[in-house]
Amino acid sequence: MDKLIIRGGNRLSGTIPISGAKNAALTLIPCALLTEEAVTLRNLPRLADIDGFQHLMNQFGVNTAIQGTRPEDFGRTMRLEATRITSTVAPYDLVRKMRASILVLGPMLARAGEATVSMPGGCAIGNRPIDLHLKAIEAFGAQIELTQGYVKAMAPDGGLPGGDFDFPVVSVGATENALMTAVLANGTSRLFNAAREPEIVDLCNLLVAMGAEIEGIGTSDLTIHGVKRLNGATYAVMPDRIEAGSYACAAAITGGAVRLEGAKAGDMQATIRALRSIGVEVTEDAKGIDIAAPGALSRIDLTTAPYPGLATDMQAQLMSLLCMADGASVLKETIFENRFMHVPELARMGADISTEGRTAIVKGPSTLTGAEVMATDLRASMSLIIAALAAEGETTVRRIYHLDRGYERLEEKLQLVGADIERVDD
Ligand code: UD1
């Protein structure tokens, strides 16, 4: 298994190209199930989860072709053609590693009238139930059965009527599944308290390009008028706001100056506000974001929240940065109950962090030192890399398959801006 070795202390400087958003890609790919025409997705990141999703689509009989497979290509293009669906089952061995596989449930049900999906696994950041996905689909008229670790959803004869659903908790995935189901329902559906993350807007934009009728895009109340059929489309995946935010923290912790080429500032205002309060200079333009951290960093208090609040996916990386800030920062995690797994690893590098329930108190500035650390989930892994970039000496990060799930060519991008990082075979 590969590991990453980082020798800290280099001030990052230069340009990092930002990839297409993993979380957007994972909901755009299953949209191909909604039409017999080809859906072509550009700017897909080169990630293990995308390859996993491609295999899953092939299992349903979807033809896929990828361009941009040369190692030097950033931004691959995938053409997906679901002319005929040959299987409506997403089996355990394909979905167990990828929680996002649950996102095939809605579009498969909408297109084929039934869908059977193994219960998902994925990142270990809490219980992560799927009850809201199922309740929303049920509200549209589907019948749900849970047997032997599988969810089976069935539409009545004549198709799903559609319906209304009010989310008791904001859920990105459940909103996505509900949208992909409702677009082909017989009637009109309404979603209240829906998630409005930029990835949801990206999904709505693709669905509209395919002929869907959706009102309220970008708000928490969505009205979807079901249409008889959808057509193919060509669509470019949005830039990854979490990748961009992660590299912003990496640049800042080294006191560096880095341009995030292709990052979209409008999608990541909560992160930008947090960085500015910490003392990081952030300059936005139409084609990217410039980050510079020439001076001392200040403590702040942060609370994660659904969009437009601060993304839970940025909490771990900002925590690493706050280890170098002057004073005690308080971080509250309101989305997932088990998302401080990076804390003991950061402590092994010299960070002073205490937790109580969903609150962490980070006391800085710390003198971080290199250590052997273990990646636990995707964003926690990135927080260890960020800390390692500022640490004295060498850090070894193991279990980096988590990183490969979410950061396209991480070590290459960091090398571009002068980091001393290498991947070695363990
Ligand atoms: C997505 C993102 C993930 C991000 C998260 C929150 C993808 C592939 N993943 O995950 O990176 O951290 O949004 O921004 O896009 N919940 C329920 N029942 C459900 C579904 C969710 O109670 O059926 C709860 C969850 O336990 C959690 C909260 O709702 O407490 C938000 O989860 P959700 O927004 O659904 O996260 P994901 O879509 O899984």
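Residues that are buried (at least 24 other Cβ atoms within 10 Å of the Cβ) and under 22 Å from the mean Cα position of the chain (by Cα) within the range 253-263 comprise LEU260, ALA263, listed in sequence order. Regarding the range 15-34, can at least one residue be identified that is surrounded by fewer than 16 Cβ atoms within 10 Å (Cβ to Cβ) and over 26 Å from ILE85 (Cα atoms)? So far as the range 15-34 goes, yes, one or more of its residues are surrounded by fewer than 16 Cβ atoms within 10 Å (Cβ to Cβ) and over 26 Å from ILE85 (Cα atoms).
For the structure I just gave you, tell me whether GLY141 is more than 16 Å from the ligand (Cβ to nearest atom) and modelled with pLDDT of 95 or more. Yes, satisfied. Taking the conditions (1) surrounded by fewer than 24 Cβ atoms within 10 Å (Cβ to Cβ); (2) in contact with a helix residue (DSSP H, G or I) (Cβ under 6 Å, 6 or more places away or on another chain); (3) part of a strand (DSSP E or B) in turn, ALA115 satisfies each one other than (1). Just one of the numbered conditions (1) over 15 Å from ALA250 (Cβ atoms); (2) within 26 Å of the chain's Cα centre (by Cα) is not true of SER366: (2).
Within the set ALA182, ALA194, ALA155, the sole residue that is surrounded by 23 or more Cβ atoms within 10 Å (Cβ to Cβ) and without any contact (Cβ under 8 Å) to a residue 40 or more places away in the chain turns out to be ALA194.
Would you check if ASN43 is touching a residue at least 24 places away in the same chain (Cβ under 8 Å), assigned to a helix (DSSP H, G or I) and surrounded by 15 or more Cβ atoms within 10 Å (Cβ to Cβ)? No, not satisfied.
Checked against (1) closer than 21 Å to PRO239 by Cβ; (2) not in a helix (DSSP H, G or I), GLY61 passes all but condition (1). For THR304, the criteria (1) among the β-branched types (Val, Ile, Thr); (2) under 21 Å from LEU26 (Cβ atoms); (3) touching a residue at least 40 places away in the same chain (Cβ under 8 Å) hold in every case but one, which is (3).
Conditions tested, residue by residue: (1) free of Cβ contacts under 8 Å to residues at least 24 places away in the same chain; (2) closer than 25 Å to ASP377 by Cβ; (3) of a type in the set (A, V, I, L, M, F, W, C).
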{"residue": "SER246", "(1), (2), (3)": "no, yes, no"}
{"residue": "VAL258", "(1), (2), (3)": "no, yes, yes"}
{"residue": "ASP267", "(1), (2), (3)": "no, yes, no"}
{"residue": "ALA274", "(1), (2), (3)": "no, yes, yes"}
{"residue": "VAL280", "(1), (2), (3)": "no, yes, yes"}
{"residue": "ALA311", "(1), (2), (3)": "no, yes, yes"}
{"residue": "LEU321", "(1), (2), (3)": "no, yes, yes"}
{"residue": "ASP326", "(1), (2), (3)": "no, no, no"}
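Just one of (1) surrounded by fewer than 22 Cβ atoms within 10 Å (Cβ to Cβ); (2) in contact with a Cys (Cβ under 8 Å, 6 or more places away or on another chain) fails for ALA48. It is (2). Checked against (1) within 16 Å of the ligand (Cβ to nearest atom); (2) farther than 19 Å from ASP202 by Cα, ALA24 passes all but condition (2).
Every test in (1) under 17 Å from ASP290 (Cβ atoms); (2) in contact with a helix residue (DSSP H, G or I) (Cβ under 6 Å, 6 or more places away or on another chain) is passed by TYR235 save one, and that test is (1). When residues in the range 277-328 are screened for being away from the ligand (no atom under 16 Å from the Cβ), aliphatic (A, V, I, L, M) and within 18 Å of ILE16 (Cβ to Cβ), 8 of them pass.
In this structure, is ILE18 touching a Pro at 6+ places or on another chain (Cβ under 7 Å), modelled with pLDDT of 95 or more and away from the ligand (no atom under 13 Å from the Cβ)? Against the criterion (touching a Pro at 6+ places or on another chain (Cβ under 7 Å), modelled with pLDDT of 95 or more and away from the ligand (no atom under 13 Å from the Cβ)), ILE18 qualifies.
Assess whether ILE130 counts as being modelled with pLDDT of 95 or more and within 14 Å of the ligand (Cβ to nearest atom). No, not satisfied. For the range 132-154, the criterion of a residue being within 30 Å of ALA305 (Cβ to Cβ) and out of contact with any strand residue (DSSP E or B) (no Cβ under 9 Å at 6 or more places or on another chain) is satisfied by no position. Among the residues of the range 1-29, those identified as within 22 Å of THR77 (Cβ to Cβ) and either within 12 Å of the chain's Cα centre (by Cα) or not aliphatic (A, V, I, L, M) (or both) are PRO17, SER19, GLY20, ALA21, LYS22, ASN23, ALA24, ALA25, LEU26, THR27.
The values are calculated or read from the model by the stated rules, or taken from the named source; none is laboratory data. All figures in this text were calculated on a predicted structure; none of them were measured in a lab. A quick note on method: Cβ atoms are made from the backbone with ideal geometry, for glycine too, and the neighbour counts reach across all protein chains shown.
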